[in-house]
1. Need pairs with beta-carbon distance below 6 Å; first residue on the phi > 0 side of the Ramachandran plot and within the range 53-82, second not in a strand (DSSP E or B); sequence gap 6+ or separate chains.
2. Evaluate the following for Glu56: is it closer than 30 Å to Ile89 by Cα, touching a helix residue (DSSP H, G or I) at 6+ places or on another chain (Cβ under 7 Å) and modelled with pLDDT of 90 or more?
3. Are any of the residues in the range 53-74 under 18 Å from Cys31 (Cα atoms), among the acidic types (Asp, Glu) and touching a Ser or Thr at 6+ places or on another chain (Cβ under 9 Å)?
4. So how many residues does the range 40-78 have that are loosely packed, with under 15 Cβ neighbours inside 10 Å and among the hydrophobic types (A, V, I, L, M, F, W, C)?
5. Would you confirm, using the coordinates I've provided, whether Cys13 is exposed (fewer than 11 other Cβ atoms within 10 Å of the Cβ) and either outside any loop (DSSP other than H, G, I, E, B) or under 11 Å from the mean Cα position of the chain (by Cα) (or both)?
Amino acid sequence: MKCIGPSNLSQICKIFAEEYGHRTGGMPDLCLWKYTVTEKRCLFSEVKGPGDRLSETQENWIDFLSGLGGTLEVELCHLREVDEDGAPILSRKSSNASLNGSKLKIGGRSRKGGKSS
């Protein structure tokens with residue numbers, strides 16, 4: 001609770017109680033926290049693969065969580081496929097094809113306090 005903050009946790013619980021039918025899905029994939037003597041932070045991260053898009057419910061959660069501020073941060077993390085040299089692979093013949101020596105690279109965009117960076 002110290003990483004999210006009592007006010008933020010209260011707002012999250014309140015929206016679940018008031019809009020339960022619309023809020024049971026779409027929550028970001030990851031909830032990470034940093035808890036040290038000097039720093040307490042929480043990060044919600046939504047992860048999207050190549051060609052994947054946010055649903056309306058996911059957008060609503062990101063907007064809501066981004067507006068809370070304080071020690072809570074939200075990011076949208078886009079995965080992209082790269083070859084062994086790190087160059088992006090722009091298209092694939094099949095989404096079920098093997099990676100054949102390629103890797104997935106993470107590129108993210110953080111939003112804190114309702115602003116994107």
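1. Going by the 6 Å Cβ cut-off, the qualifying pairs are Gly69/Gly113; Gly70/Gly5; Gly70/Asn8.
2. Here the answer is no, as Glu56 does not meet what is asked.
3. For the range 53-74, residues under 18 Å from Cys31 (Cα atoms), among the acidic types (Asp, Glu) and touching a Ser or Thr at 6+ places or on another chain (Cβ under 9 Å): present.
4. Final tally of qualifying residues: 1.
5. Criteria met by Cys13.
The values are calculated or read from the model by the stated rules, or taken from the named source; none is laboratory data. Just so it is clear, the structure is predicted and the values come from calculations on it, not from any experiment. Methodologically, a virtual Cβ is constructed for each residue, glycine included, from the backbone with ideal geometry; neighbour enumeration extends over all protein chains shown.
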